[in-house]
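Contents: one structure, followed by commentary.
The values are calculated or read from the model by the stated rules, or taken from the named source; none is laboratory data. This one's a predicted model, so the numbers in the text were calculated from it and none came from an experiment. Cβ placement follows ideal geometry from the backbone for every residue including glycine, while neighbour counts extend to all protein chains displayed.
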Amino acid sequence: MSAPPPDAPAGDVTRLLDALRRGEADSEALFRRLYDELRRLARHHRARWHGNETLNTTALVHEAYFKLIGSVEGFENRSHVLGVASRAMRQVLVTYAEAQRALKRGGGVPDIPLDDALQMGDPLLSDEQAETITALDEALVRLGKADERAARVVECRFFGGMTVEETAEALDLSVATVGRSWRAARAWLYGELKPTPLLDLG
Amino acid sequence: MLDPTLWRRIESLLDEAADVPASERDAFLNTHCRDESGALDTALRDEVARLLALDDEAGGFFGDLRDATVGADGDGALASAVFGTPALDDLVGREVGRYIVEERVGTGGMGAVYRARRADGTFARPVALKVVRPGLAADVGPRFARERKLLGSLDHPHVARLLDAGALEDGRPWIAMEFVQGEPITRYADSHELSIEARLRLFLQVCDAVAYAHRQLVVHRDLKPSNVLVATVGGEPRAVLLDFGIATLVREDGAATRTGRTLLTPAYAAPEQVRDEPTTTAADVYALGALLYELLSGVRTVQTEGRPSHLIVQDVLDRTAPPPSTVVTAEAASKRGGAREKVTRRLRGDLDRIVGKALRKERVRRYSSVEGLARDVGRHLAGRTIEARPDTLRYRMTTFVRRNRTPVAAGLIALAAVVGGAGIAASSARQAGLERDRAEQQRQRAEEVSEFLTDLLGEFDPSRSGGSDLSPDSVLARATASVRASLDAHPDVRADLLASLGQIHQSYARFDDAQDLFVEALDLRRASLGDEHPDVGTGLRDLAWLAYVRGDYDRAEALYADALAIHRHALGEDHLDVAANLEGLGLVHRIRGDLDAALNHLQRSLVIREAQLPPGDERLVSNLNTLAYVLYNHERYDEAEPLYQRVLAQRRQTLGEHVQTAQVLNDYAALLLSVGRPADALALHREALAMRERLLGPLHPHVAQSLSAVGWVLQTQARYAEAEDLYRRALEARRSHFGSTHVSVANSLLLLGEVCALQGKTDAGLGLIEDGVRVMEASLGAEHKSALLTRLRYAERLAEAGRVDETRRQVPALRRLRDLLEAGDPVLERIRAVESSLDLASA
């Protein structure tokens, strides 16, 4: 299988989006594709910066994310794609975090610069990031059990960097509902994560 | 935990309450948080109140993905934590100074790095543009300005050049540097599978650059692989140093400025940096040591991944990294052009020592300059001896002593080694122009020791001493007197020399003199170094070994235990000194007959030594040897024999004709006799005897041992007269050295008595055996198993001779012996045989 050109959004993503619009593909297929695409782009960027001061993995992932969503600019159901991409973003990060935690079972908080962490041991994330992502994801799963909608809002707003309006469109909700849901979810998650010393960043 | 229906109400109430003025919120919640019956739902109210209190902070805490990207003003702590260091995409495409920013190529602890080009197109080459990230600008602004000034003054082929500097409109400073293509040095070395030699040559480039900077009074302070980029230029790797970002000027008076702790990289930071103490060029020496460690072994000196920072800091401060040679994996070795064993061997010795010296926790014990470190690496590459000697004078001396057959010559060479070491330390300290007081102190010490040595050597020069007495006695006496009369200002050196002389005395079996010297050395060390110093432990071990050799096992055990406690505390569980003490205790247990304890101690010491020493190392071989001996005593012949073969081959190869070689010959021969190969045993014993007589003279205890051993083999072949003659010579030698109360003397008496009895000289024989029993009891205690076994032998001989009354008198001791034996022990049968002979006699 020959790799698509790295920086351009993969042609088959575009094709997939077309298929999606024609109702010939579902969100799950889009999710898989975007998920793979994010990881591929992140890997590519990492290889490119290899050997100089280097971005950490999540920074690469979110750069990849912006490249990806940039390619759907002007799409008619762009918000829907963004919503799916947000979910893919969360999943990519959780996957990296799990991989990292599996590597460093029983770890703590190293205070090494992030660029170093990547260069030396070549870990996927800093342990701190892995812990944070995992803690956030776990809290989000708990929230989702009580209110799936709130969890989706957090995905779009936080992981996808989507505006309230984009989120409302993607999830087919009113702007007011998204605002309400986001505020409550945010406060509750903060209460869940705050005791974690990892997030005592101030 | 969360109730879905409750959650909807929480969402709404929270949203509404947030718009209510803070002073009215309690009332609002009490009014609205009601259940269906209209009663106040306190659980709901409390939850909403809790979330309301979190709401304000939560907004700032979260941020979102875009916040992380653009470096938002809000905290965005979660976004930062999840998505990483805020990046600075905003400069791409912009004009900064004379440059056009093309692409962000990385983010570091301090900020972002961009690739940029001259806007006027005059220079095609890209530059690296470095901009402080917003959150840090206030903190590192002044430091940034310093970097600009410092880098501007540096011009060296292996240092990234500063090209320009300025400030953005928002005041953030930027600097433009030579754009360096390359990989971090460790990664480059691995991906190009550089050999150890190539790595060392590359490392010398780095040393050259750092030494140059030091001469310009610039300390790097953050040397690490990501700051040393390597690219292939003209077919050769070329290293370039980046980022003198936290370097500060060393003032001319030698005092150093301080730096904040936040930008430290623990894996390469020196202990004094972690402690936030003033840092000097010594911190760079340390970081270079850490870099070299990783370059050679593939492992960092400090494990940082996945560990809490306080543990990392603890390691930096307290834990000495294991020698590089001991941590190489097969995978790392394959990137260094060889099998693991080969690379391990390559690193052992010089390179372990060079790295160890650069990484000393106390900076005064490191190389006093980067030049010093580079010089040793260079000397190593050139196949010359390095200056980084093993850590202790003691080790140095014993190394030299081992290589030399005649103890006195060895002693002199050891003295020379001490002096050489001190002289080198002094000259390199002088060269650095740092640590003036210490340099002066060392210089004085070197001169004083040097004078002393010159005098001493003069005495050994026959032309100068006018052909006076050069016997060992005379030489030792004069050397001892010289040491005592000089070196007043250097009690530690004097103690080392006295202990060294003590060992020489001991090797001549002059135990009282040795004892005096050891005690004197120990007292000096305690007074000058304190009771807990490792050298005090070493002094205790000297005394322990002497006590052991003299047969005072209680004292030996106590001394070994004290030494062990000191070494464990001061040096850690896995230190070679700890292994030496464990071995000593193993020997004591062995001779006391507690073979399980002996085996246990010896195996523990062997584990430590096998992990750290090359196969031919004396300590390792001797440990193997002792273990073989204990296994032999456990009658585990099959396990013992291959160990003996290994030890003997090693001894013949490295030592040739030597007391230690003779000892192995002797022990291996004993095993051969046990497995029914008397002819082989006799040949080895005779070889050992001849070797010992040549090396040690006719009266040495080792000679006595060989005499007894040859005699014993002859006795098993019924050559009693020859055996008796050998036993007599052995007894004579032992009495003259051990006095009359010693296990060895007892053994000689028993052997002699028995061989007399075998030849029909019953009275004489029994008398000798009885003497042997008494000596044994006096030496070990009457209840010791060996003493009781001796009594059994005596009883057997008495019974054979028909001395019924005397035999009967042995019965209580035999019963006590029986209590010590396990069921099935063949000795039980011998006891029964003696008892039945008595029954027959009384029947």
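Could you tell me which residue of the stretch A:141-181 is surrounded by the most Cβ atoms within 10 Å (Cβ to Cβ), considering only residues that are more than 8 Å from every other protein chain (Cβ to nearest Cβ) and of a type in the set (Lys, Arg)?
This residue is A:152.
Assess whether residue A:184 counts as being at the interface with chain B (Cβ under 8 Å from one of its Cβ atoms), crowded, with 20+ Cβ neighbours inside 10 Å and outside any loop (DSSP other than H, G, I, E, B).
In short, yes.
Please work out if residue B:557 is part of a helix (DSSP H, G or I), under 30 Å from residue B:745 (Cβ atoms), in contact with a Leu (Cβ under 7 Å, 6 or more places away or on another chain) and touching a residue at least 40 places away in the same chain (Cβ under 8 Å).
In short, no.
How many residues does the stretch B:176-207 hold that are within 14 Å of chain A (Cβ to nearest Cβ) and among the β-branched types (Val, Ile, Thr)?
3
For the stretch B:497-533, give me the residue count where each residue is modelled with pLDDT of 90 or more and crowded, with 20+ Cβ neighbours inside 10 Å.
Summing the residues that are modelled with pLDDT of 90 or more and crowded, with 20+ Cβ neighbours inside 10 Å in the stretch B:497-533 gives 7.
If you go through the stretch B:181-195 one residue at a time, how many are surrounded by 19 or more Cβ atoms within 10 Å (Cβ to Cβ) and in contact (Cβ under 8 Å) with a residue 40 or more places away in the chain?
Count: 9.
Within the stretch B:579-616, work out how many residues are polar (S, T, N, Q) and modelled with pLDDT under 90.
1
Name the helices (runs of 4 or more DSSP H) wholly inside the stretch B:30-121 in which the number of residues that are modelled with pLDDT under 80 and more than 30 Å from residue B:225 (Cα to Cα) is 3 or more.
B:42-62, B:65-70
When you check residue B:336 against the structure, is it of a type in the set (Lys, Arg), under 21 Å from residue B:188 (Cα atoms), in contact (Cβ under 8 Å) with a residue 12 or more places away in the chain and surrounded by 20 or more Cβ atoms within 10 Å (Cβ to Cβ), yes or no?
yes
Need pairs with beta-carbon distance below 7 Å; first residue buried (at least 19 other Cβ atoms within 10 Å of the Cβ) and within the stretch B:655-666, second of a type in the set (S, T, N, Q); sequence gap 6+ or separate chains.
Here the result reads B:655/B:661; B:664/B:625; B:666/B:705; B:666/B:706, each pair linking the stretch B:655-666 to a residue that is of a type in the set (S, T, N, Q).
Cβ contacts < 8 Å: first residue more than 10 Å from chain A (Cβ to nearest Cβ), restricted to the stretch B:222-233; second residue basic (Lys, Arg), any location; separation 6+ or different chain. Result?
B:232/B:238
Just to be sure I understand the filter: pairs with C-beta atoms under 9 Å, separated by 6 or more residues or on different chains, first member in the stretch A:25-41 and of a type in the set (S, T, N, Q), second member buried (at least 16 other Cβ atoms within 10 Å of the Cβ) and modelled with pLDDT under 75. Which pairs pass?
Close Cβ pairs (under 9 Å, with a partner that is buried (at least 16 other Cβ atoms within 10 Å of the Cβ) and modelled with pLDDT under 75) amount to A:27/A:20.
Look through the stretch B:178-204, keep the residues that are polar (S, T, N, Q) and under 27 Å from the mean Cα position of the chain (by Cα), and return whichever of them is farthest from residue B:298 (Cα to Cα).
This residue is B:195.
Given B:248, B:265, B:257, which one is surrounded by fewer than 16 Cβ atoms within 10 Å (Cβ to Cβ), modelled with pLDDT under 70 and within 30 Å of residue B:156 (Cα to Cα)?
Sole residue among the options that is surrounded by fewer than 16 Cβ atoms within 10 Å (Cβ to Cβ), modelled with pLDDT under 70 and within 30 Å of residue B:156 (Cα to Cα): B:257.
Can you give me the number of residues within the stretch B:729-743 that are crowded, with 17+ Cβ neighbours inside 10 Å and closer than 20 Å to residue B:770 by Cβ?
Here the count works out to 7.
Exactly one of (1) crowded, with 16+ Cβ neighbours inside 10 Å; (2) outside any helix (DSSP H, G or I) is unmet by residue B:615. Its number?
(1)
Within the stretch B:159-171, is even one residue within 14 Å of chain A (Cβ to nearest Cβ) and either modelled with pLDDT of 80 or more or assigned to a loop (DSSP other than H, G, I, E, B) (or both)?
For the stretch B:159-171, residues within 14 Å of chain A (Cβ to nearest Cβ) and either modelled with pLDDT of 80 or more or assigned to a loop (DSSP other than H, G, I, E, B) (or both): present.
Test each condition in (1) at pLDDT below 70; (2) part of a loop (DSSP other than H, G, I, E, B); (3) under 26 Å from the mean Cα position of the chain (by Cα) for residue B:311 and report the one that comes out false.
(2)
Please give the number of the condition residue B:567 fails out of (1) surrounded by fewer than 21 Cβ atoms within 10 Å (Cβ to Cβ); (2) out of contact with any Leu (no Cβ under 8 Å at 6 or more places or on another chain).
Only one criterion in (1) surrounded by fewer than 21 Cβ atoms within 10 Å (Cβ to Cβ); (2) out of contact with any Leu (no Cβ under 8 Å at 6 or more places or on another chain) is unmet by residue B:567, namely (1).
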